[in-house]
Amino acid sequence: MSAGVRAGAGRRFHAKWAMLPGGLARDVVFEVSGGSFASVAAGQPAGGAARLPGIVLPGFANAHSHAFHRALRGRTHDGGGTFWTWRERMYAVAARLDPDSYLALARAAYAEMALAGVTSVGEFHYLHHGPGGVPYADPNAMAEALRAAAADAGVRLTLLDTCYLAGGLGADGHFAPAGEQRRFCDAGAGAWAKRVAALRDSPGMRVGAAIHSVRAVPRDAFGMVREAAGRRPLHVHLSEQPAENEACEAYYGRTPAGLLADAGVLGPAVTAVHATHLTGGDIAALGAARVTCCFCPTTERDLADGIGPARALADAGAPLSLGSDQHVVTDLLEEARALEMNERLSSGRRGRMRPAELHAALTAHASIGWPEAGALAAGARADLVAVRLDSPRTAGAAPEQAVLAATAADVDTVLVDGQPVVSGGRHRLGDVGALLRDAIAPLWANP
Ligand SMILES: [Zn+2]
């Protein structure tokens with residue numbers, strides 16, 4: 001058991017094992033100064049340093065989240081259904097949320113992420129308007145709720161404010177948004193850009209942008225979103241379901257990736273989320289443009305999306321990242337493991353992703369605008385995750401293969417910017433299960 005790491009306690013930490021940029025190291029001492037590592041040195045005695053259990057990994061980046069989807073866990077399996085019937089349930093939950101209830105739900109969801117070792121989260125934020133699409137008095141009230149939620153939960157937030165203009169795409173073009181979708185929509189790309197321009201970065205939050213998908217944003221709006229994003233991260237849902245590809249081909253005569261490429265959207269600041277149903281040309285285009293591809297395996301299997309071509313994308317030059325997306329599972333170690341396991345199922349071969357590649361995908365903070373995070377190295381933000389190697393799941397595992405055995409339940413200690421957020425497996429906010437229950441139950445109660 002860890003004795004626990006207290007706020008304000010010693011600024012030196014010792015780990016028997018740690019995953020440094022050069023690989024696994026032993027007897028590592030971390031010195032923290034302000035929010036960064038002043039030094040990280042292997043082969044050192046513990047001395048008076050606080051001892052961390054197990055193996056220490058860099059903080060994890062959850063590159064794709066919709067915080068409010070956490071309310072759907074364990075609520076959508078009766079009757080089976082499809083991605084599209086799941087989406088109807090998601091819309092029903094969205095309809096019940098206001099800035100206060102969203103603050104409570106997102107605080108609990110982000111605290112659960114911290115317990116799983118997440119230190120930065122990319123929030124793909126489209127629930128930005130009130131019922132019927134009416135703006136709140138503060139048009140960014142829902143974004144401010146997310147900012148406060150992340151600060152309370154102790155994780156850094158990238159608010160990927162999402163342009164969402166249409167209800168869907170068919171062979172004849174885009175549909176008008178209907179029903180609950182109106183809450184996701186600004187009056188046009190110009191109105192979206194104006195609202196986003198009023199959002200400010202703060203120490204724990206950076207602002208980025210998103211194109212919801214080629215279903216929800218017509219081609220003539222891409223340029224304005226690209227321009228508004230500037231050098232900030234720009235994310236887009238891409239080819240999650242075959243129906244999106246079929247509609248895009250029918251209307252534009254191109255795949256979604258081809259459409260984005262032709263419009264000049266793709267580049268190294270862009271993340272394509274899912275990237276599940278791709279042609280060889282799509283893979284080459286995404287790789288050549290150094291687009292990060294964000295896999296969300298626990299969501300993609302829950303929604304029967306399919307298995308994306310992770311190995312082929314990486315070989316083409318696309319960095320990979322991971323997201324818990326709809327939070328049917330909040331366990332980034334499971335997402336990382338699934339990258340390899342899905343490749344095994346689709347290829348019939350083992351060892352498709354090297355452990356170093358899984359660690360890189362777990363720590364893709366740069367893809368959500370925090371390039372100074374994600375490494376156990378001097379000068380980096382002082383994020384770390386201590387994963388126990390003495391639990392029923394991990395006992396006996398070789399430290400360098402812990403990522404293939406551990407789960408979120410084995411996370412003992414999490415530092416974010418040098419501050420202890422999780423200690424001894426407990427979040428600083430206390431009982432996260434109770435926070436989740438209290439936030440979610442009212443959303444399912446009869447009105
Ligand atoms: Zn998503």
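Could you check the range 284-303 and list, in sequence order, the residues that are within 15 Å of the ligand (Cβ to nearest atom), touching a Ser or Thr at 6+ places or on another chain (Cβ under 9 Å) and not polar (S, T, N, Q)? Answer for the range 284-303, where residues must be within 15 Å of the ligand (Cβ to nearest atom), touching a Ser or Thr at 6+ places or on another chain (Cβ under 9 Å) and not polar (S, T, N, Q): CYS293, CYS294, PHE295, CYS296, GLU300, ASP302, LEU303. Number of residues in the range 44-89 that are under 21 Å from the mean Cα position of the chain (by Cα) and either open to solvent by less than 10 Å² (accessible area, probe 1.4 Å) or closer than 29 Å to ASP417 by Cβ (or both) equals 18.
Of all the criteria given as (1) under 27 Å from GLY223 (Cα atoms); (2) in contact with a strand residue (DSSP E or B) (Cβ under 6 Å, 6 or more places away or on another chain), the one not satisfied by GLY117 is (1). Put simply, of ALA360, ALA375 the only residue that is modelled with pLDDT of 95 or more and within 17 Å of the chain's Cα centre (by Cα) is ALA360. Within the range 222-234, can one find any residue that is within 23 Å of SER321 (Cβ to Cβ) and either within 16 Å of the ligand (Cβ to nearest atom) or among the polar types (S, T, N, Q) (or both)? Yes.
Could you tell me whether ARG349 is among the basic types (Lys, Arg) and assigned to a loop (DSSP other than H, G, I, E, B)? For ARG349, the condition - among the basic types (Lys, Arg) and assigned to a loop (DSSP other than H, G, I, E, B) - is met.
In the range 237-270, how many are more than 24 Å from TRP86 (Cα to Cα) and of a type in the set (S, T, N, Q)? Residues meeting the conditions: 1.
If only one of ASP331, ASP325, ASP390 is crowded, with 20+ Cβ neighbours inside 10 Å, acidic (Asp, Glu) and more than 16 Å from the ligand (Cβ to nearest atom), which one is it? Among ASP331, ASP325, ASP390, only ASP331 is crowded, with 20+ Cβ neighbours inside 10 Å, acidic (Asp, Glu) and more than 16 Å from the ligand (Cβ to nearest atom).
Go through the residues of the range 402-409 one by one and say whether even a single one is more than 25 Å from ALA377 (Cβ to Cβ), open to solvent by 10 Å² or more (accessible area, probe 1.4 Å) and not in a loop (DSSP other than H, G, I, E, B). Yes, the range 402-409 has at least one match. All of (1) assigned to a loop (DSSP other than H, G, I, E, B); (2) under 29 Å from MET205 (Cβ atoms); (3) open to solvent by 10 Å² or more (accessible area, probe 1.4 Å) hold for ALA318 with one exception: (3). Scanning the range 213-239 for residues that are open to solvent by less than 20 Å² (accessible area, probe 1.4 Å) and of a type in the set (A, V, I, L, M) returns VAL214, ALA216, VAL217, ALA221, VAL225, ALA229, LEU234, VAL236, LEU238.
If you go through the range 291-305 one residue at a time, do you hit one that is small (Gly, Ala, Ser) and open to solvent by less than 10 Å² (accessible area, probe 1.4 Å)? Scanning the range 291-305, I find no residue that is small (Gly, Ala, Ser) and open to solvent by less than 10 Å² (accessible area, probe 1.4 Å), so the answer is no. Here GLU31 meets the list (1) away from the ligand (no atom under 16 Å from the Cβ); (2) buried (at least 24 other Cβ atoms within 10 Å of the Cβ) almost entirely, failing just condition (2). Of all residues in the range 354-387, those satisfying the criterion of being open to solvent by 10 Å² or more (accessible area, probe 1.4 Å), part of a loop (DSSP other than H, G, I, E, B) and out of contact with any Gly (no Cβ under 9 Å at 6 or more places or on another chain) are ARG354, PRO371, ALA375, ALA377, ALA378, GLY379. All conditions in (1) within 16 Å of the ligand (Cβ to nearest atom); (2) of a type outside the set (A, V, I, L, M, F, W, C); (3) surrounded by fewer than 24 Cβ atoms within 10 Å (Cβ to Cβ) hold for GLY267, with the sole exception of (1).
The values are calculated or read from the model by the stated rules, or taken from the named source; none is laboratory data. As the structure is a computational prediction, the values presented were derived from the model and not from experiment. All Cβ positions, glycine included, derive from the backbone under ideal geometry; neighbour counts span all protein chains shown. Please note that ligands, DNA and RNA were not included when accessible areas were found on the heavy atoms of the full protein model with its side chains. Shrake-Rupley method; radii C 1.70, N 1.55, O 1.52, S 1.80 Å.
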